[in-house]
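The values are calculated or read from the model by the stated rules, or taken from the named source; none is laboratory data. Because the structure is predicted, anything quoted here is derived from the model rather than measured. Positions of Cβ are backbone-derived with ideal geometry, glycine not excepted, and every protein chain shown enters the neighbour counts.
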Amino acid sequence: MHWSDVLETLLDTAGDVLPIVVMIAVFQFVIIRRPMPNMRRVIIGFVYVLLGLSLFLLGLEQALFPLGRLMASQLTDPAFIYSGIERMADAMHWADYYWVYIFAFAIGFSTTIAEPSLMAVAIKASQVSGGAIHAWGLRIAVALGVAVGISLGAYRIVSGLPIHYFIIVGYVVVVLQTFYAPRLIIPLAYDSGGVTTSTVTVPVVAALGLGLAETVPGRSVLIDGFGLIAFASLFPMMSVMAYAQISEYRAGRQRTKSSD
Amino acid sequence: MPVILVVVFFQLIVLQQPLPNLVQLLSGVLLVVLGLTLFIQGLEMGLFPVGESLAHALARKGSLLWLLVFAFSLGFGTTVAEPALIAVAEEASEVAAGAGAIASDQAAQEAYADGLRLTVAFSVGLAILVGVIRIVKGWPIHWMIMGGYVLVVIITSVAPREIIGIAYDSGGVTTSTITVPLVTALGVGLASSIRGRNPMIDGFGLIAFASITPIIFVMLFGMAVH
């Protein structure tokens, strides 16, 4: 690790944070015209966020991204996929890519668990709900959703089906679930679709999608390579609502049991 | 770190190749853990209180206009500089050049990428603005989101095919690690300072809006350019 890398990452992150800090300062001092409560603490907090995020990205860049990208390309390499098959010509069945699906599932789950913005929302949700929503339960539900979404997205790239069929069916399921899910969870479930895909997930998942589209015969990188992220933002909505439905159902059963 | 387990499992057992650079891997993991701990600490000290205190102050001020200006500029300002969006916009401009929609020279591609970025940033600003109006008025979220879905489906059927994948992806990449806690705190703070609003029901949902509008606007952008 070089110090210039550290400095560069720190500057990049500072560049992301700066416009936000300027905007907050303008609103605080020009429009509200009142000093911010706990100014010192807040500034220290911002410095922590800046440092923490830079270290986090640096660690990812060093340990995970190269390996994740390398593996995405190795797993989608024809030599690996077709190794167990004698006649290559007629053996391009979608099921032959099973390792890719398993990898997609595992990497989707584990990168989402590590996603910092999901942690932020989960912490806030458990504070607001007074502990009724467990931060860990929510994170696992979202991660499962992303995992299923990305595996299905990988299947879509392999099979070459148009993306909007999947997305539209997904929307219909979300709408149907909305009518049956507990009301409290709905906004949170909708939000969790958007937060899952940021710093950790996007680079690895994008590499998987582009690698897969390059390897599978007849797929265009431009048309089929994109879209995994869309799957990853759709499925958490379903899994979070399902999580709430299951917990409600179980709580209801316990209540009827204890009243007997 | 479950990510490590997955990577190690696939590397050793499925691909049967040795792990490159074990020392680098371990020091990277150490950095990730340290960074996350600091980040969470800073979240509780800095980002959450700032978002909530601003929301409270603006709600007390009683000026809907300033609240909406703040909402829009928060969405626009945090998105326009988002690195993930810059990367996606560049890729999209290559796609467009490849499809022959724009001239494949440097200037045309840059103009296209900038246009796309501004479109997405504008749509996120609009999303936060609409979301804040929703919190103030207390409208139920699902009708608005469903309306958004219907729009997405309708526009998908007429948008050029090359733009669809990118449009759907751009919904997910717009919300960064710093925007999410700020926007969440804004929503929750606002919902808890307006009487009759439940922070759980009304406070969340801003990010949901911010993930749908870019899909719509990027497809519209694609239709306008292609």
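Within segment A:103-112, the residues that satisfy the criterion of being at pLDDT 85 or above and surrounded by fewer than 24 Cβ atoms within 10 Å (Cβ to Cβ) are A:F105, A:F109.
For segment B:79-96, the set of residues classified as more than 10 Å from every other protein chain (Cβ to nearest Cβ) and free of Cβ contacts under 8 Å to residues at least 24 places away in the same chain consists of B:E90, B:S93, listed by residue number.
Here is the figure for segment B:88-117: residues that are aliphatic (A, V, I, L, M), crowded, with 18+ Cβ neighbours inside 10 Å and within 25 Å of A:V205 (Cα to Cα) total 7.
Residue count for segment A:1-41 under the criterion of being more than 30 Å from the chain's Cα centre (by Cα), modelled with pLDDT of 75 or more and charged (D, E, K, R): the result is 2.
For B:V124, the conditions (1) in a helix (DSSP H, G or I); (2) under 29 Å from B:V50 (Cα atoms); (3) out of contact with any Ser or Thr (no Cβ under 9 Å at 6 or more places or on another chain); (4) touching a residue at least 60 places away in the same chain (Cβ under 8 Å) all hold with the exception of (3).
For segment B:64-73, the count of residues that are in contact with a Phe, Trp or Tyr (Cβ under 7 Å, 6 or more places away or on another chain), at the interface with another protein chain (Cβ under 7 Å from one of its Cβ atoms), assigned to a helix (DSSP H, G or I) and closer than 18 Å to B:G203 by Cα is at least one.
Only residues that are of a type outside the set (A, V, I, L, M), assigned to a helix (DSSP H, G or I) and more than 7 Å from chain A (Cβ to nearest Cβ) were counted across segment B:165-185, and they come to 2. Just one of (1) in a helix (DSSP H, G or I); (2) surrounded by 15 or more Cβ atoms within 10 Å (Cβ to Cβ); (3) out of contact with any His (no Cβ under 8 Å at 6 or more places or on another chain) fails for A:R219. It is (1).
Within segment A:12-53, how many residues turn out to be surrounded by 21 or more Cβ atoms within 10 Å (Cβ to Cβ) and either among the acidic types (D, E) or more than 7 Å from chain B (Cβ to nearest Cβ) (or both)? Residues meeting the conditions: 2. Taking the numbered list (1) surrounded by 16 or more Cβ atoms within 10 Å (Cβ to Cβ); (2) facing chain A (nearest Cβ under 9 Å); (3) under 18 Å from the mean Cα position of the chain (by Cα) in turn, B:L58 passes all entries but (3). From (1) more than 8 Å from chain B (Cβ to nearest Cβ); (2) under 24 Å from B:M200 (Cα atoms), pick out the condition that doesn't hold for A:L152. Against the list (1) more than 8 Å from chain B (Cβ to nearest Cβ); (2) under 24 Å from B:M200 (Cα atoms), A:L152 comes up short only on (2).
For beta carbons closer than 7 Å, sequence separation of 6+ or different chains, a first residue in segment B:188-209 that is more than 20 Å from B:S63 (Cβ to Cβ) and a second that is of a type in the set (V, I, T) and outside any helix (DSSP H, G or I), the qualifying pairs are B:I207/B:T175.
This table checks each residue for (1) of a type in the set (D, E, K, R); (2) modelled with pLDDT under 80.
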| position | (1), (2) |
| --- | --- |
| A:L55 | no, no |
| A:G59 | no, no |
| A:S83 | no, yes |
| A:D90 | yes, yes |
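Output the residues belonging to segment A:121-149 that are over 13 Å from the mean Cα position of the chain (by Cα) and at the interface with another protein chain (Cβ under 8 Å from one of its Cβ atoms). Of everything in segment A:121-149, those that are over 13 Å from the mean Cα position of the chain (by Cα) and at the interface with another protein chain (Cβ under 8 Å from one of its Cβ atoms) turn out to be A:I123, A:K124, A:A125, A:V128, A:S129.
Does B:I201 satisfy the criteria of being surrounded by fewer than 24 Cβ atoms within 10 Å (Cβ to Cβ), within 11 Å of chain A (Cβ to nearest Cβ) and farther than 20 Å from B:T156 by Cα? Yes.
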